[in-house]
Each structure stands twice: as structure tokens, then as C-alpha cells.
Amino acid sequence: RFYLYDNGSGDDLEGQVHQLSAEGFHVSTHAWPWPKTQEAGFSYASAAHQDLCEWMAFVDVDEFIFSPDWDGSGKPTKSMLRSVVTTVEPDVGQVTLGCKDFGPSGQTKHPKEGVTQGYTCRRRAEERHKSLVRLNSVAPSLMNSIHHFELRPKFKWERSRDARVNHYKYQ
């Protein structure tokens, strides 16, 4: 399932969601008109979807979870993303994923092969991280800093060595 928080930027999100739904993806949107309140949106999402999801990934629409183990798989499957969290211990409430930035590197239009194939990595070092969160592990305060939640006392976090987030920036 995909829950997209819409800031009303006028980027044809409704059309894209309609297309993805027609292709069989379960996508829904929620209006989030408050700019610069990403932490509040994450808190809301973790509370609002706790009964529907065990795990939730907190990533932006221009970011994709990737694992080198999936290279050559051809087409995404549900088991790919599940594989990142199925091996964690029951006391792990958050799995952090390193994040690499990709960009056009001087290109002035989208590459023919698409941005995920035609963009180049801008930095080898990971400067940020994103999280997959076990929703019942989130502290009742719902406190978070961008992409990192405060957890209930019996839970801990771990870093994934098997997956990362690729962030594709077009400027």
C-alpha cells in the first residue's frame, strides 16, 4: 500500500495516482497543506495507519528502496520490500536505510533510459537515512525527527546492510 501526503503543489498527483491504481497498485492520498511540517505528517501517518500496517516506510516520492540483491530481478515483487524487515528480531522497531543522492549531472532533459538508469550517483558517502518503522513500536508521544522515530522502551533500531534508499533529484 502507498499513502501519499499531498501538499497541493499542482504536479498532477491525482492523474498519477489514477494511473497507478489502474495498474493494480493500492495508492491513496491525504491532503497535507502545511508546508515544513514533515515531522507532524509522519506522526499522523504512524498513528492513522497503525491498524492497517505492521511496518511503514517513510520516504519521499522521488526516493526508492533498493537492494543490490534485487539487481537483475526485472520486476519488483512484494517479497522484495518484506525481505528487509522479515529477518529482524521482534524487539527491532526501526530499520534505518542509508540514502544515496542521484542527479542529472549536467543533463538538461530526462535521459531516454529514465532517471533511475540515466542519473549518476552524486555522492558515494551516505549523508542521510530513511526508516522502516514497526508502527506498534512508536513511542506514544509520536516524537520524530525527520525519518527517525522515538521508540517505546522495549524496542531498538538497527541499520540495514542489505538495502538503501536511492534519491533521484532533478533540478
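The values are calculated or read from the model by the stated rules, or taken from the named source; none is laboratory data. Only a predicted model underlies this, so the values are computations on that prediction, with no experimental measurement involved. In this analysis, Cβ positions are derived from the backbone assuming ideal geometry, glycine residues included, and neighbour counts consider all displayed protein chains. When the accessible area is computed, the model is the full protein with side chains, heavy atoms only, and any ligands, DNA or RNA have been set aside. Shrake-Rupley method; radii C 1.70, N 1.55, O 1.52, S 1.80 Å.
Work out how much length residue 60 to residue 128 would gain on full extension: take 0.36 nm times their residue separation and subtract the Cα-Cα distance, in nm to one decimal.
23.2 nm
Which residues in the range 112-137 place their backbone N less than 11 Å from a point set 7 Å from the Cα of residue 152 along the Cα-to-Cβ direction?
135-137
So what's Rg/Rh here for the range 91-171, counting alpha carbon atoms and using the Kirkwood radius for Rh?
1.13
How high is the relative contact order of the chain, in percent, counting Cα pairs under 8 Å that sit 6 or more residues apart?
It comes to 29 percent, rounded to a whole number.
For the chain, give the magnitude of the charge dipole about the Cα centre (Cβ charges: +1 Lys/Arg, -1 Asp/Glu; no others), in debye to the nearest 20.
Charge dipole of the chain: 460 debye, to the nearest 20.
Once you put a point 7 Å from the Cα of residue 20 and another 7 Å from the Cα of residue 36, both along the Cβ direction, what distance in nm separates them?
According to this spin-label approximation, the distance is 2.7 nm.
Quick one: 3J(HN,Hα) in Hz for the range 14-24, Karplus 6.51/-1.76/1.60 with θ = phi - 60°, rounded, Gly and Pro as x.
4, x, 5, 5, 4, 5, 5, 4, 5, 8, x
What list of ³J(HN,Hα) couplings, whole Hz, do you get for the range 104-109 from phi and the Karplus terms 6.51, -1.76, 1.60, once you set θ to phi - 60° and write x for glycine and proline?
Each residue's phi maps through the Karplus curve to give x, 6, x, 5, 9, 9 Hz.
State which stretch of the chain is the longest one without any exposed trypsin sites (Lys or Arg not before Pro), exposure meaning a DSSP loop state and at most 12 other Cβ atoms within 10 Å.
In the chain, the maximal stretch lacking such sites is 37-108.
Relative to the Cα centre, what is the charge dipole magnitude of the range 1-101, using +1 at the beta carbon of each Lys and Arg, -1 at the beta carbon of each Asp and Glu, and rounding to the nearest 20 debye?
200 debye
With axes computed from alpha carbons, what is the tilt in degrees of helix 38-48 against the longest principal axis of the chain, rounded to the nearest 10 within 0 to 90?
The angle comes out at about 60 degrees.
Could you tell me which of the pairs 36/169; 112/169; 130/169; 78/109; 78/130 are separated by over 23 angstrom between their Cα atoms in the structure shown?
In this structure, 78/109 lie more than 23 Å apart at Cα.
May I ask you to give the percent of accessible area on the range 108-171 that is carbon plus sulfur, with a probe radius of 1.4 Å?
So the carbon and sulfur contribution to the accessible surface is 49 percent.
Near the amide H of residue 4, under 5 Å away, which other amide H atoms are found, from residues 5 or more places off or on another chain, if H is placed in the peptide plane?
Excluding prolines and chain starts, which carry no amide H, the hits are 28, 29, 30.
Hey, what's the chain come to in accessible area per residue, 1.4 Å probe, Å²?
Each residue of the chain exposes 65 Å² on average to a 1.4 Å probe.
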